[in-house]
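Asks: Got a structure for you, written out below as structure tokens; questions coming shortly.
The values are calculated or read from the model by the stated rules, or taken from the named source; none is laboratory data. Remember, predicted model here, so these are calculated numbers, not experimental data. So basically every Cβ, Gly included, is an ideal-geometry build from the backbone, and we count neighbours across all protein chains shown. Please note that ligands, DNA and RNA were not included when accessible areas were found on the heavy atoms of the full protein model with its side chains. Shrake-Rupley method; radii C 1.70, N 1.55, O 1.52, S 1.80 Å.
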Amino acid sequence: MDIQDGDILLISNQTILANMIKRALKCKYSHAGIVMYAEEYVGNNICLVAETTAEGFILKEYARKVLIESENIAGFRYIGGLKKKEKDRLKFEIARRMGREYDTIDLIRLGIYYIFGFNLRYENARKLTCAEAVERCYRAINKPICPDIINPEDITPKDIQNSRYLKKVF
């Protein structure tokens with residue numbers, strides 16, 4: 001199956017921090033992103049992925065083959081797919097959030113919640129975690145991935161993986 005604009009990637013990174021996230025969440029994945037501009041460059045071996053890294057919310061290049069064949073990456077698609085207008089709006093929502101900083105404090109807050117069960121309320125509208133960025137972009141096009149979770153900053157890769165609105169496609 002080929003990659004489409006709007007596909008959601010869940011990634012199992014192997015860093016110390018990623019392993020701590022996976023252990024706390026009891027989940028295979030530690031990171032999330034959204035595929036963009038895959039359809040415009042079908043002949044190209046590169047896809048752009050919107051993701052939150054230490055550099056902030058950025059577009060990063062990935063080789064298509066790596067995305068599809070890696071054991072550490074899974075691709076999910078909104079059930080029923082996205083219409084062209086929804087994909088265009090999703091690109092706009094991603095562009096609107098470009099450059100926002102990574103929210104390290106929120107990541108610590110989520111860790112405290114998953115390890116100790118203590119939920120501290122915190123939100124910084126100028127910063128994003130990876131799963132929060134995915135959820136906010138999808139909510140902006142009226143396609144929430146985890147609508148039962150009220151606050152997008154509470155979304156984790158595990159929640160995305162378990163969403164009833166997504167199907168695994170690679």
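Asks: Can you work out which of the residues in region 11-20 that are open to solvent by less than 30 Å² (accessible area, probe 1.4 Å) and either touching a Gly at 6+ places or on another chain (Cβ under 8 Å) or part of a loop (DSSP other than H, G, I, E, B) (or both) is nearest to F92 (Cα to Cα)?
Replies: Filtering region 11-20 for residues that are open to solvent by less than 30 Å² (accessible area, probe 1.4 Å) and either touching a Gly at 6+ places or on another chain (Cβ under 8 Å) or part of a loop (DSSP other than H, G, I, E, B) (or both), the one nearest to F92 (Cα to Cα) comes out as I11.
Asks: Being in a loop (DSSP other than H, G, I, E, B) and basic (K, R) is the filter here; which residues of region 43-94 pass it?
Replies: Matches in region 43-94: K83 only.
Asks: Being over 27 Å from R23 (Cβ atoms) and open to solvent by less than 20 Å² (accessible area, probe 1.4 Å), is that true of even one residue in region 112-130? Step through it out loud before you land on a result.
Replies: Our first condition is that a residue be over 27 Å from R23 (Cβ atoms); within region 112-130, this holds for 125-126.
Filter once more, keeping what is open to solvent by less than 20 Å² (accessible area, probe 1.4 Å): none.
Checked against the condition, which is being over 27 Å from R23 (Cβ atoms) and open to solvent by less than 20 Å² (accessible area, probe 1.4 Å), region 112-130 yields no hits at all.
Asks: If you check N72 against the conditions, is it open to solvent by 20 Å² or more (accessible area, probe 1.4 Å) and without any contact (Cβ under 8 Å) to a residue 24 or more places away in the chain?
Replies: Answer is no for this residue.
Asks: So which pairs qualify, if the first residue must be in region 141-170 and modelled with pLDDT of 95 or more, the second must be hydroxyl-bearing (S, T, Y) and open to solvent by 30 Å² or more (accessible area, probe 1.4 Å), the Cβ gap must be under 7 Å, and the two must be at least 6 apart or on different chains?
Replies: Close Cβ pairs satisfying both conditions: I145/Y165.
Asks: Can you tell me which residue within region 43-99, out of those that are of a type in the set (S, T, N, Q) and over 22 Å from K158 (Cα atoms), is modelled with the highest pLDDT?
Replies: In this case the residue turns out to be N45.
Asks: Something else: Can you name the residue in region 131-148 that is charged (D, E, K, R) and open to solvent by 50 Å² or more (accessible area, probe 1.4 Å) and is also farthest from I34 (Cα to Cα) among such residues? Outline the logic, then answer.
Replies: Our first condition is that a residue be charged (D, E, K, R); within region 131-148, this holds for 132, 135-136, 139, 143, 148.
Restricting the remaining residues to those that are open to solvent by 50 Å² or more (accessible area, probe 1.4 Å) gives 136, 139, 148.
Working: R136: 11, R139: 13, D148: 21 Å.
Across region 131-148, the extreme among qualifying residues is D148.
Asks: Test of understanding: among I79, I108, I34, which residue is under 13 Å from the mean Cα position of the chain (by Cα) and either of a type outside the set (G, A, S) or open to solvent by 50 Å² or more (accessible area, probe 1.4 Å) (or both)?
Replies: Step by step, each of I79, I108, I34 is checked, and only I34 is under 13 Å from the mean Cα position of the chain (by Cα) and either of a type outside the set (G, A, S) or open to solvent by 50 Å² or more (accessible area, probe 1.4 Å) (or both).
Asks: Which condition breaks for E153 when tested against (1) under 20 Å from I73 (Cβ atoms); (2) surrounded by 20 or more Cβ atoms within 10 Å (Cβ to Cβ)?
Replies: E153 satisfies all of (1) under 20 Å from I73 (Cβ atoms); (2) surrounded by 20 or more Cβ atoms within 10 Å (Cβ to Cβ) except (1).
Asks: Hey, any hits in region 39-46 for a residue that's under 18 Å from the mean Cα position of the chain (by Cα) and not polar (S, T, N, Q)? Explain how you work it out, then say what you get.
Replies: Going residue by residue through region 39-46, those that are under 18 Å from the mean Cα position of the chain (by Cα) are none.
Scanning region 39-46 turns up no residue that is under 18 Å from the mean Cα position of the chain (by Cα) and not polar (S, T, N, Q).
Asks: Could you say whether any residue in region 157-170 is of a type in the set (A, V, I, L, M) and open to solvent by 60 Å² or more (accessible area, probe 1.4 Å)?
Replies: No, there is no match, as no residue in region 157-170 is of a type in the set (A, V, I, L, M) and open to solvent by 60 Å² or more (accessible area, probe 1.4 Å).
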